[in-house]
Structures are given as C-alpha cells and as structure tokens.
Amino acid sequence: MTTTQHARTVFHVATRDGKWVVTREHHPDGEFDSFETKDEAVTRARSEARKQLPSQVKVHRADGTLENEFTYGADPYPPRG
C-alpha cells in the first residue's frame, strides 16, 4: 500500500447551501463550521492555514471561480517566471 504525501495543506472557502464553508483538500472530514459571511470563513481558513505550514487558502466566488489565494510557509510550488 502506497501513502501519498501532499506537499502542502490546501484549504478552500466556497459556498454550500447558502453558507460559506471552509474545507481541506484530501480529507473527507475536512469541513469546518459553516459561516454566514465570506469574511468569517476566510478568517477561519487563514487561521487554520497558519497552523499547518506549508499551506494555502483558495478563496472562491459564489459562482465557484477562484477569487484569491494566500500561501503560508515555504511554497513547494513557487510561481515560475
């Protein structure tokens, strides 16, 4: 059996059932509380990401498209120029 290690923890902020939720990639139990506002969800996601370096927060718009990203710690996938 092979274990896959992910280079960083990735959190997503997106809408679900009219609420903003924070989820963690590759974890079936990765959903945190739901929030009334996007700002509350982003604050929670960024707080969790700072505890699990290296990490990234991907903030989605209500339509699901990517709006913003925040990366914490040494980025294992830095931008290439």
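The values are calculated or read from the model by the stated rules, or taken from the named source; none is laboratory data. If you're wondering where the values come from, they're calculated on a predicted model, not measured in any experiment. Positions of Cβ are generated from backbone atoms using ideal geometry, with glycine treated the same way; all protein chains shown enter the neighbour counts. Remember, those area values only see protein heavy atoms, side chains included, never the ligands or the DNA or RNA. Shrake-Rupley method; radii C 1.70, N 1.55, O 1.52, S 1.80 Å.
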Mind listing whichever residues of the stretch 46-81 are more than 27 Å from residue 18 (Cβ to Cβ) and among the basic types (Lys, Arg)? 50, 51, 80
Please identify the pairs in which a residue from the stretch 58-81 that is touching a residue at least 40 places away in the same chain (Cβ under 8 Å) and over 12 Å from residue 42 (Cα atoms) has its Cβ atom under 7 Å from the Cβ atom of a residue that is open to solvent by 60 Å² or more (accessible area, probe 1.4 Å) and part of a loop (DSSP other than H, G, I, E, B), counting only partners at least 6 apart or on another chain. 73/53
The strands (runs of 3 or more DSSP E) lying entirely within the chain that contain at least 2 residues which are surrounded by 10 or more Cβ atoms within 10 Å (Cβ to Cβ), modelled with pLDDT of 90 or more and of a type in the set (Phe, Trp, Tyr) are 66-72
